Structure formats: structure tokens, C-alpha cells
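The values are calculated or read from the model by the stated rules, or taken from the named source; none is laboratory data. Because the structure is a prediction, the values reported are computed rather than measured. Please note: Cβ atoms are built from the backbone with ideal geometry, for glycine as well, and neighbour counts cover all protein chains shown.
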Amino acid sequence: MTDAAVATPPRHGSLLSADDRTRRRNAAERRFRLYGLIAVGIAIAALIVLLSSILVNGSSAFRQTFLHLDIHLDEKVLDKSGTRDVAVMSKVTTIGYGKLIDAALKTTIEDEGIAVAGLTAKDVTDMISKEAAAQVRTRVLADPDLVGQTVSFKVLANGRIDGYLKGRVTQESAVRDSNVSPRQLHLADALREKGLLSRDFNWGFITAADASELRPEAAGLGVAILGSAYMMIIVLVLSLPIGVAASIYLEEFAPQNRWTDLIEVNISNLAAVPSIVYGILGLAIFINFAGLPQSAPIVGGLVLTLMTLPRIIIPTRAALKSVPPSIREAALGVGASKMQSTLHHVLPLAMPGILTGTIIGLAQALGETAPLLLIGMVAFVRDYPGAPPEGFFDPAAALPVQVYNWTQRSDPAFVERASGAIIVLLIFLLIMNAVAIVLRRKFERRW
Amino acid sequence: MDDMRAVENAVSTAEIKIAARGVQVFYGDTHAIKDVDVDIPDRTVTAFIGPSGCGKSTFLRCLNRMNDTIPICRVGGKITLDGEDIYDKRVDPVQLRAKVGMVFQKPNPFPKSIYDNVAYGPKIHGLNRNKAELDEIVETSLRKAALWGEVKDRLSEPGTGLSGGQQQRLCIARAIATSPEVLLMDEPCSALDPIATAQVEELIDELRSQFSVVIVTHSMQQAARVSQRTAFFHLGNLVEYGETSHIFTNPSDPRTESYITGRIG
């Protein structure tokens, strides 16, 4: 027996050199890995291009050009009665304030000895944003005692001047631009040298309401952020309990029959329904039938809830399904009821998965635009919605719709603002994902 | 031999705890248990043996209505616990399972602390009035399960961090913490090494003084070591049921003999 084994020559070649078959197999494996690496590389490159283009275009939206002016708030113009009564003072419109700002700018230019050769009074006025008068008026009405004093203000510069400081507008483009002249840009240079014109962090971009086509420098995301936040509150409050309750019932209690199969198929289908269909549904049911107001976060929230529900139910059911049956048996075995077994053991174990699904569903809802267009959230809204719950019924905008809105506008200054709004949206999404990770860690640590 | 006789005497005097008459179990169209009659005495270890798929686990799960959780499973016949029909419409399975505890094949501690694992049953059944009583129940149960010495200093650590044998003893402690009257064990040692198995077997023998223990096992040696009565199942039929010593030394049915001697199964 042993003799025969020794006599037989080894069937394969030496182990120290790979044979043809092995070489081919190894080559195939190397190719396979390379394909994977290329795929990952393409994905990362696409992400980098996307993010960098948004950051390059959008980061400038967070800085804005301001003019520093000492404005004499003339009592004769602003409060003829001398009573400092806000009701009386509010009769003075922005035109009255505009004149004071013009005067202040003129005085400043003269005091600093800046030459304004060839510029008309209107050219000088146009250096300032049309929003500036409203800015000053709001502050004065909030604090009537300022009247009669000379107060230093930081007023918005015109969008073109802002563009010049950011490099979007140049001397060459100004020649062809009917909204700004090269002389105005020279004046801007002179003002900047004197330190009267500077770029600061643009809080208004985050807090202010949207502004018209003509004053991009004043446009902000305040109303859109509030509207989106209100809608997220509604979506979270409605879809999390409904979704989790439905999932628990379907997964743990419902009998397996044709009806539950039908429901299951329909939930999967609903998750795949295009979001605009939910918009039409919302328009028909919540606005036309139920008579809820248009452009209101309540309608947006309800529509997004409908859209988010299947996207929460599916991962929640998967999370419940992944809890090992032995845990349920153990609980039933010590005499727990079905509900106790579910609430005490299955649900806590499924919690990380449920939270992840919920937050991903919410993030999708936050970025959803199409259904909101149909229910009127695309409207131009200048007024902040009130505090909840009444505020849910006030008109508001939404972040993704605001992005869509701004990209529709012709003034190039809205390009940076649209990108800036995307950055804000992405920051919100990042915060939500971070919350998801933190919550998941927290729940996992308990076990 | 005297020992054996003493055991036999104990068996004959013990009262009947569970009586099954004409039990049938169907899984959909499959007839899994065919007309089984068994009397399980109190304070005795009863072993169910038989080849895989013979229905011994299915029958065990009928005794605390764990089969209720399987939608396609139907149970016929009559099973009484202390004379009360456990399949009566008025019986709440939750109450039944508090009386008839169960230990499963694979150790399945809750992913919670050792303390919470044992305290869970008493808590949901309201067996304790305060924390001190609960502490006492936990300690007693862990002592009875021969685990107290190993875990008393780390009660707050997760039960899933214990070794396999410790986990199974934790599951036994959890089952006895609700002070059941019957303890069902479904192959409790099949996932354990021989040392852990010996510990669990020793424990089963001690538990006999307080509970009626029913154990399903694949190991005939184990049945012979721990049980006083043995039931042999084959293809859904109860082939033979009697004193363990009798079944293993002088089986009356040829199928039992073939199984015990290793010719079938």
C-alpha cells in the first residue's frame, strides 16, 4: 500500500509554482477587485465634484456686502407728532427712510472726500439695496427712542455691488450691464478703501424671508427653514407612531392570510409611487376636499407623512423580523403576553433599525420638492408663519422648493443663493443622520 | 439496585400532574402526533426520547400551549393539568405558562443584565411586593440553578456574555423564578459541552424535589441518567412509556429495543 503511494508520481505540478488554471483564477479575481475599486472611485469622484461645485458656488451666499452709514434719524421726517407712538410712526413708509439713507450716504461721501464725478444722485442711491430702507424702518419701529439720534447702521449694499466684491461683476461686465455702471464700481472701490463697504457674515441669509427678483441681496431662508421644520415636526409626530404601530401589528399580531398579503404588496408599491402623485392626492383631498389652506405646512406635512409611511413601515418590519424568534419564545415561555413580549423585548431590540429607517424617511421627506409644488408651497411668502400649532396653517415655504424657486430667477445673484440653500439643506440632513447614529449607538449600548 | 427500587416506589406513589388523552397534533395536513396518552407524575423527571422528527418536541410544546404561536398547528384531544383542561376556552395561555415553565434547546437569555433576565418573570406576574423581595427571588432562583456563585458579583452584566452552559443555567433560573409547577426542557443540553451538560443534569436531579420535570433528549444515556420515567416516540406515536429502568433494560416493544440498541433512529 505504502509502496504504491510512493511509486505514483504527483498528479499536479509543484506547489511552489502556480499552474495555468490557478493563474487564470487569480487573474480573474484581480480583475473583479479592480472593477469594484473603479466603481467606488467613480462614486467618490462624483460626490467630490458635486459637493465642491455646491460649496464653490454656495459658500459666498453666507457673506454679504454691507455699507456702514451713520444715519441721522430726523424727527421731522419719522415722527412729526413727537409722541414716539409706533402706530403713528408706522404711517411713514420706506420712502421716508430711503431719503434719510440717501442723505447719510451723500454726507459720508462728502466727508470722506470721495469724488463722485459723473454719477447722478440716483446712481449713488442705487449703490444701496432697496431693502435697506425697510431694514432701518424695522429697527426704528422696534425701538422708537432712536428717533432724533444719529445711529450707525449696517445696511445692505446693492446686489451688483455685492457681486463686484465677490468677483461675479467686473468692470468689463458692468459696461454691458444696464443695472450697474463702471463709475459705480469705482465708487464702491473708493468706499471699500475707506472701510465703509465690507463683507460680513450674512445672518440675513439664514433668518430673513425671501425677497423679490430685484433684490437678491436681501433674500433669505428664514421662512423656508421654519416651513420645513414645521413639516418635519408633523411628519415625525404622525408617521413614526402610525408606522411603528402598523409594522408591529403586521409583523407580530396579524394572521398570515390573503388580506395581510395584499396589504404587504400595497405597502411595497406605495413606497415606489412617484412623490408627485402624493402631491396630486394632497391637492385633491387635503385642499379641495378637506378645505385646508394652500401653501400651509400642515398640508405639506400630511402629504409628506403619506409619502414617508411606507418608507418607515418597510425598514421597521425588517427590523422586527430580524429579532431572533428565540427571544419571543423565551418571553412567552416565562409567561409574558404577546404584547409584553413585543414591547419589552422585541421592540427595544428592533429600535436601532426603526430609528435608522425613520430618520432616512424623514431625510427623504425633507428633501422632497415635487409634491410641495402641487400644494402651493411654491408661492412667494414674505411673512413668517406663526408659532405652532396655529403656525401650521399659515403660508410658508420649504427649503427644497426655495432652491427650485431661486434657480428659476434670472438675476445671477440667485445662483449663489440657490447653492447656499442647498448647503443649508445638506447641513440639516447631516444633522439628522448624526442624530440617527447617536441614537442607534445609545440604544445598542443598552444591550 | 436498592436505590432503583426506592426510586420506583417514589414514582408509584407520586400523584399525576399532567394527563394527556388522545392527543392529536396537525401541522397543516401533516399528522405530527397520533393519539398519545401519557400520565406525567409530580416531582419526577420524565424523559421523552425518540429519533428526530418523531414529535417529542411537538408534544412537549403542547403541554404549555407554545404551539399556539404556530398558526398552522392544530391540537386535538385532551390535556389536563391537575385535572383542569389546559385547552379549555377559558384558559389564558399566559397564566398556564406561568405554571408550566419552559427551557429551550438553544440558550436564549434576553439581551439584558443577568439580574433582569431572572427578575423579568416575577416582575410581569407581580410575584414580588418590593425590590428586596425581587432580589431574594433572583438570588434563590440563581442558587437553585447552581449559578449564584459564578455570577453574584456581576449581576448587572449582560446575560448574553456568559458561556453557553452558564447561559442555559441562567435560562433555567429564569424559568424557575416564576415558581412554576412543571418545568419543560426541550433538549436543554444539546448545545452544551460535556461538563456543562453534567452540571445541568445534576441540576435537573435537584429540581425534581420541587417540580415535575419533563425533558426531551436525543441522548439515551442522558435519559437513563436523569429520568425516572421514559416515553419513547416514533413517527408521531407513543410507542412505549414506563419506568426508565424498565424501558432501558427490558423494553416490551421491538421498536423501542431497536432504537435503544441503535438499529433505528
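B:THR46 meets the conditions (1) assigned by TED's automatic domain parsing to the domain that holds B:MET220; (2) free of Cβ contacts under 8 Å to residues at least 60 places away in the same chain in every case but one. The failed one is (2).
Scanning the range B:61-78 for residues that are of a type outside the set (S, T, N, Q), assigned to a helix (DSSP H, G or I) and within 11 Å of chain A (Cβ to nearest Cβ) returns B:ARG61, B:MET66, B:ASP68. Looking across A:PRO293, A:PRO325, one residue alone is within 11 Å of chain B (Cβ to nearest Cβ), surrounded by fewer than 20 Cβ atoms within 10 Å (Cβ to Cβ) and either out of contact with any strand residue (DSSP E or B) (no Cβ under 6 Å at 6 or more places or on another chain) or polar (S, T, N, Q) (or both). It is A:PRO325. Among the residues of the range B:101-116, those that are facing another protein chain (nearest Cβ under 9 Å) and outside any loop (DSSP other than H, G, I, E, B) comprise B:GLY101, B:MET102, B:VAL103. Search the range A:368-399 for residues being charged (D, E, K, R) and out of contact with any helix residue (DSSP H, G or I) (no Cβ under 6 Å at 6 or more places or on another chain), and hand back the single one that is modelled with the highest pLDDT. If we take residues in the range A:368-399 being charged (D, E, K, R) and out of contact with any helix residue (DSSP H, G or I) (no Cβ under 6 Å at 6 or more places or on another chain), then A:ASP394 is modelled with the highest pLDDT.
Given the residues B:LEU81, B:LEU127, which is the only one that is within 20 Å of B:ILE176 (Cβ to Cβ) and either more than 12 Å from chain A (Cβ to nearest Cβ) or acidic (Asp, Glu) (or both)? That would be B:LEU81, the only listed residue that is within 20 Å of B:ILE176 (Cβ to Cβ) and either more than 12 Å from chain A (Cβ to nearest Cβ) or acidic (Asp, Glu) (or both).
Being assigned by TED's automatic domain parsing to the domain that holds A:ARG328 and under 30 Å from A:ARG409 (Cα atoms), is that true of even one residue in the range A:340-353?
no
Taking the criterion of being exposed (fewer than 11 other Cβ atoms within 10 Å of the Cβ) and either of a type in the set (A, V, I, L, M, F, W, C) or outside the structural domain of A:GLN184 (by TED's automatic domain parsing) (or both), the residues of the range A:106-120 that qualify are A:ALA115, A:ALA117. Residue check: B:ILE172 meets all listed conditions (1) surrounded by fewer than 17 Cβ atoms within 10 Å (Cβ to Cβ); (2) within 14 Å of chain A (Cβ to nearest Cβ); (3) in a helix (DSSP H, G or I) but one, namely (1).
Residues in the range B:179-201 that are within 20 Å of B:THR58 (Cβ to Cβ) and in contact (Cβ under 8 Å) with a residue 60 or more places away in the chain: B:VAL182, B:LEU183, B:LEU184, B:MET185, B:ASP186, B:GLU187, B:PRO188, B:SER190, B:ALA191. No other residue among A:ALA18, A:ALA87, A:ALA103, A:ALA7 is modelled with pLDDT of 80 or more and outside the structural domain of A:LEU187 (by TED's automatic domain parsing) apart from A:ALA18. Screening the range B:175-207 for residues that are surrounded by fewer than 19 Cβ atoms within 10 Å (Cβ to Cβ) and of a type in the set (Ser, Thr, Tyr) and picking the one that is farthest from the other protein chains (Cβ to nearest Cβ) gives B:SER190. Taking the criterion of being among the aliphatic types (A, V, I, L, M) and surrounded by 21 or more Cβ atoms within 10 Å (Cβ to Cβ), the residues of the range B:61-74 that qualify are B:LEU63, B:MET66.
Test A:LEU347 against the stated conditions and say whether it is part of a helix (DSSP H, G or I), under 24 Å from A:ARG311 (Cα atoms), more than 11 Å from chain B (Cβ to nearest Cβ) and touching a Leu at 6+ places or on another chain (Cβ under 6 Å). Considered against the rule, which asks whether it is part of a helix (DSSP H, G or I), under 24 Å from A:ARG311 (Cα atoms), more than 11 Å from chain B (Cβ to nearest Cβ) and touching a Leu at 6+ places or on another chain (Cβ under 6 Å), A:LEU347 comes out as no. Just to be sure, is A:PRO315 closer than 14 Å to A:SER239 by Cβ and more than 14 Å from chain B (Cβ to nearest Cβ)? So A:PRO315 passes the test. For the range A:350-369, the set of residues classified as within 13 Å of A:ALA397 (Cα to Cα) and either among the aliphatic types (A, V, I, L, M) or within 14 Å of chain B (Cβ to nearest Cβ) (or both) consists of A:LEU366 only. Pairing residues of the range A:400-420 that are in a loop (DSSP other than H, G, I, E, B) with residues that are among the charged types (D, E, K, R), at Cβ distances under 6 Å and at least 6 apart in sequence or on separate chains, gives A:ARG409/A:GLU213.
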